[in-house]
Structure formats: structure tokens, C-alpha cells
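Report on the structure given below.
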Amino acid sequence: MSTQPRTRVLSFSRSRIARAGASIALGAAAIGGLATAGAGVASAARVDCVSPPSANDIHVIGDASCGATATGAGGVANAGAMDSGTAVSVADGGTANTFATGFGVALSGAKAAGQAHAYAIGGGIAHARTDNGNTTFAIAGWGSGATAESAGVNCVGPLSFAVNLNTGAVCAMR
């Protein structure tokens, strides 16, 4: 008995499965993108805060609010929020970035050439703080919390992620 037809059938099936998987992934991404775009159209206005040029930039539009303060040489703070999110960034010679949506709260603080990034999505609480050239990220989803600091990381609840890129400390909950 020849194994060649069997091999062709397996190859055909594997490529067919791979194509079906790719199609499903592309379809899910397209649907997710449309859902996100649709949600963005119906949501409240976005508010952005940047420092410098302002020493202390604070904005409130509807229920969304942000604040950014940068001091020290090379300090840059960026904060953005939409819906009812609150984002606050403080930098003293470092870079601090935050963004919050829904009822999320994002807080970041950076000193001495550090980079801190905190993102709260729909009700999460994210906190990132760093100094001395370190880099931290904290991302929190609905009902969760994430903290990334020079001293360590902490994740609470589903959809949370935190990492300190200099120490390699990382946590993730799903």
C-alpha cells in the first residue's frame, strides 16, 4: 500500500486548517476593530494633557480628566483620558505616560531619566513609577489593578499586566 495519497491528504488538511485559522483570526480582528471603532464614535470626547510646554497642564472634558506636570531637565509628562477616565503623569527629569478609559485611573511618575507607562482600560487602576533610567509598564483592565515600580510589580484581578524592564520582574493575570 502506498503512503503517498495519505501524505497528500494530510498536507491538504493541514494547509486547509491553517487557512481556516488565518481566516478566523482575520475575521475576529476585523470584527474587534469595528466594535472598537463603533465604541469610539459613540464615546465622550478625549482629553489630553502635555507638559512641557505647560508647567502644569490640567483638563476636564465631560467626565474625563487628565493632569501632566514635568520638571527637571528633559522631563516630559503625557496624560490622556476619555469617557470617565482619569490620568495623571508627573515627571522630574524622566518620561511619564498615562491613558485611561471608562472609570479607569492611570497614574505614572518618573525621575532621573526613568520611563513610566500606565494604562487603565475601563475601570482598572494602573500605577507605574520609576527612576534612575529604569522603565516600567502597568496595564489594568476592568476591575483589576497593576503596579510596576523600581522595587517590584504587582497584579490584582483579571486583565492586569505589569513589568519592570530593568529587573525583569513581571506579572500577568487573565
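For region 97-106, how many residues are open to solvent by less than 40 Å² (accessible area, probe 1.4 Å), farther than 14 Å from residue 148 by Cα and aliphatic (A, V, I, L, M)?
The qualifying residues number 1.
From the list 73, 112, exactly one residue is modelled with pLDDT under 95, under 21 Å from residue 167 (Cα atoms) and open to solvent by 40 Å² or more (accessible area, probe 1.4 Å). Which is it?
Values: 73 fails: under 21 Å from residue 167 (Cα atoms).
After applying the criteria, what remains is 112.
Need pairs with beta-carbon distance below 7 Å; first residue free of Cβ contacts under 8 Å to residues at least 40 places away in the same chain and within region 111-124, second in a strand (DSSP E or B) and of a type in the set (Phe, Trp, Tyr); sequence gap 6+ or separate chains.
Going by the 7 Å Cβ cut-off, the qualifying pairs are 117/137; 119/99.
List the number of the failed condition for residue 162; all other conditions in (1) under 16 Å from residue 65 (Cβ atoms); (2) assigned to a strand (DSSP E or B) hold.
Checking residue 162 against (1) under 16 Å from residue 65 (Cβ atoms); (2) assigned to a strand (DSSP E or B), the one that fails is (1).
Report whether or not residue 94 is of a type in the set (Gly, Ala, Ser), over 15 Å from the mean Cα position of the chain (by Cα) and crowded, with 21+ Cβ neighbours inside 10 Å. Give the derivation first.
On the way: of a type in the set (Gly, Ala, Ser): yes; over 15 Å from the mean Cα position of the chain (by Cα): yes; crowded, with 21+ Cβ neighbours inside 10 Å: yes.
Answer is yes for this residue.
The values are calculated or read from the model by the stated rules, or taken from the named source; none is laboratory data. Remember, it's a predicted structure, so these values are computed and weren't measured experimentally. No Cβ is skipped: glycine too gets one built from the backbone with ideal geometry, and neighbour counts run over all protein chains shown. These area figures cover heavy atoms from the full protein model, side chains too; ligands, DNA and RNA do not enter into them. Shrake-Rupley method; radii C 1.70, N 1.55, O 1.52, S 1.80 Å.
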